[in-house]
Amino acid sequence: MAGKRDLLLNAGGYVEVAPARRGGKKLDTSRLSVYFGEEGHMRRAAAAKESGQETEAADSQG
């Protein structure tokens, strides 16, 4: 499994998962967005930047 994950990451694979609806028991595939290639790299970079900003905000409230 780790090898497949590394392969996808190196290819720019990125998956976004939207919040679930209350009471949903099954996987709603409409919540998934999959990106590959250059777009995946850009999405991952943007997500990492947002995550870093959230961490900084939490640390400053601390």
Just checking, does the range 15-29 include any residue being in a helix (DSSP H, G or I) and open to solvent by less than 60 Å² (accessible area, probe 1.4 Å)? no
Go through the range 10-46 and report how many residues are in contact (Cβ under 8 Å) with a residue 24 or more places away in the chain and among the aliphatic types (A, V, I, L, M). 1
Of all residues in the range 4-14 being part of a helix (DSSP H, G or I) and either touching a Phe, Trp or Tyr at 6+ places or on another chain (Cβ under 9 Å) or open to solvent by 90 Å² or more (accessible area, probe 1.4 Å) (or both), which is nearest to A45 (Cα to Cα)? N10
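The values are calculated or read from the model by the stated rules, or taken from the named source; none is laboratory data. As the structure is a prediction and not an experimental result, all values here were calculated from the model. Please note: Cβ atoms are built from the backbone with ideal geometry, for glycine as well, and neighbour counts cover all protein chains shown. These accessible areas exclude ligands, DNA and RNA; they are computed on the full protein's heavy atoms, side chains included. Shrake-Rupley method; radii C 1.70, N 1.55, O 1.52, S 1.80 Å.
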